[in-house]
Structures are given as structure tokens and as C-alpha cells.
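The block underneath contains the structure these notes are about, expressed in C-alpha cells.
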Ligand code: NAD
């Protein structure tokens, strides 16, 4: 359904970004993968995805903590029809102890990068007459947790940016929305399970249900495939009038 569309997904050599890129490729879009590394395995990931789905996939190195590299990514991609701002990092500390460089990095990567990529991508979308911007926010774009000041501020910020871009593009065939995932089973999260099992003296299922998914009423992780499917939905004709809003994929977290 997305044949001929060009997608750029920031922070897409692992986790949610990779899952989103795969679902876009499965739906027929050509894809640009991105992260800040430039390893053989990054380029291999692109080659494998191209072979699996029969679409064009490129890997472009760009550090999303740097505004000029964010803009250069869109330029090197040759513009894009679908922009998914996904790159993100986390740091957990009380605000009095929060390292300034961590605050700056989280605001730069989780929030400012989207300002730069959107500014760079919109002229091409306006010219081609079609565009979809999807920002990967978080349940922490709508609610807070202690010790995550930078992350919660950046994610609330991206929800605000989403609304503003939607208003500025409202009369164009362009939409801008944010997806707010709860806890998603990524390799990063998977890797925490053995430690948590040891710390709490619990089995895998118990530690997932009682410790990790304490705030997620479904007691199930969301999956990267589900997030990819939500992005593909936002790119579909059914979603043409959905703009400036958030879609929660959080097993009921924000209903609590
Ligand atoms: P992840 O660590 O697996 O993926 C993060 C991606 O961003 C990686 O590809 C990484 O290489 C890339 N990245 C990091 N710094 C970068 C930089 N400076 N420049 C370019 N790329 C960079 O984590 P994830 O869980 O897949 O997270 C992806 C997004 O989803 C983040 O924005 C995160 O806040 C959000 N999110 C994750 C969860 C979850 O439970 N995993 C929940 C809600 C929201």
C-alpha cells in the first residue's frame, strides 16, 4: 500500500525504530535506516531488509544529537514522504543529581532532533503533495514518573511539537501525530529481565507481570511489530483526518 513512498526512520538500527522500519518496508515503502554508528552490520541490516521485502533500503549515519546532522540526514535521503522521529535515550536520576550533560543530550536527541528533521522534511512534503510525520513519544509524553525529568520533559515537548506542526500543515495533505508506547519488549528491555529475576527472586513471568509491567494494566509488553503497524495505519487513507493527536499503545497505562 506504501509502494513508491520514501520513509526515513531515525534511530532505527535496533528496537522500535527497526521494528517500525520493517513494517514500513513490508508495506512496500523504501526505507532509510539511521543511527550514529557506521558499522558493517548497520549497512548489512539495510541489505538484509531490502532482500527480505523487495524494497530499497539504505543506512545513513547521522548523530541525532546534532542539529546539522539531523538536517543532513533528510538531505542525503533525498527528502522523504514518511518521517518517523524515533531516536531516543533515557537517564534516570533525581533532579538535584541529574547530570547536566545527560539533560542536554536527552533534550537534543529526544526532542530537538525532531524539530530539525521536520523543518528539513516539510518543504519536500509540501512540494510532492503528501506527507506523514510520526513522532515516537511515550506514555511519559502524557504522564510522569519520578527520576525521569529530562525524558518526561522531552516527551511532553514532542507531543506539543506534534500539535503545532499539525496546525501549520493542517490545510496541506500532510499529517503529524505522536505514538505513545507503554513498555515495549525491545532487546534493551529483554536484557534487563535476568537481572530483575535475580534481584527479586522471581521467575520470568512473575518479574514481567509484577515488577516490569506494574503500571501497564494489560500486564503485557507492547511489541515493535504493533508499533510498526500503528505507523503504517497512520500512513493509510483511513488516517487522513487524524492529525495533531496522540495514539497510546500502552495496554491501558494512561487510563489508570
Ligand atoms: P533502543 O535503544 O533499542 O533504540 C534507540 C535507537 O536510537 C537506536 O537505534 C539507537 O542507535 C538510536 N540512537 C540513540 N542515540 C542516537 C543518536 N544520537 N543519533 C542517532 N540515533 C541514536 O530503544 P527503543 O526502546 O527502541 O526506543 C526507541 C524510541 O521509543 C525512543 O524514543 C524511546 O524513548 C521510545 N520509547 C520506548 C519505550 C520502550 O519501552 N522501549 C517506551 C516508550 C517510548
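Nothing in this text is a laboratory measurement; each read-out follows from the coordinates by a stated rule. From a predicted model like this one, the values you see are computed outputs, not experimental measurements. Note that we place each Cβ from the backbone using ideal geometry, even for glycine, and neighbour counts take in every protein chain shown.
According to the Kirkwood expression over distinct Cα-Cα pairs, how big is the hydrodynamic radius of the chain, in Å?
18.5
I'd like the orientation of helix 40-53 relative to the chain: the angle between its Cα long axis and the longest Cα principal axis, in ° from 0 to 90, rounded to 10.
With rounding to tens, the tilt is 70 degrees.
Pick out which of 91, 156, 200 has the largest mean-square fluctuation in a Gaussian network model of the chain, springs linking Cα atoms closer than 10 Å.
Ranking 91, 156, 200 by mean-square fluctuation puts 200 first.
Once you put a point 7 Å from the Cα of residue 1 and another 7 Å from the Cα of residue 172, both along the Cβ direction, what distance in nm separates them?
2.4
Between residue 204 and residue 96, what is the spin-label point distance in nm, taking each point 7 Å from the Cα along the Cα→C-beta axis?
4.1
Against the longest principal axis of the chain, how steep is helix 224-234, in degrees 0 to 90 to the nearest 10, with axes from Cα atoms?
40
In whole angstrom, how far apart do the alpha carbon centroids of the stretch 180-203 and the stretch 24-69 sit?
27
Length gain on complete extension for the stretch residue 190 to residue 39, per 0.36 nm per residue less the alpha carbon to alpha carbon distance?
Result for the pair: 52.0 nm of gain on full extension.
In what sequence do 175, 164, 143 fall when counting other Cβ within 10 Å, fewest first?
164, 143, 175
If I fit a long axis through the Cα atoms of helix 67-77 and take the longest principal axis of the Cα atoms of the chain, what angle between them do I get, 0 to 90°, rounded to 10?
50
Using only alpha carbon pairs under 8 Å that are at least six residues apart, calculate the relative contact order of the chain and give it in whole percent.
19
How do 9, 57, 133, 249 line up, fewest other C-beta atoms within 10 Å first?
So the residues, fewest neighbours to most, are 249, 57, 133, 9.
Taking the Cα centre of each part, how many Å lie between the stretch 208-230 and the stretch 71-110?
23
In which sequence would 113, 149, 248 go, from the one with the fewest C-beta neighbours within 10 Å to the one with the most?
By the 10 Å Cβ count, ascending, the order reads 149, 248, 113.
Of the residues 58, 71, 215, which exhibits the maximal mean-square fluctuation in a Gaussian network model of the chain defined by a 10 Å Cα contact cut-off?
So, out of 58, 71, 215, the one fluctuating most is 215.
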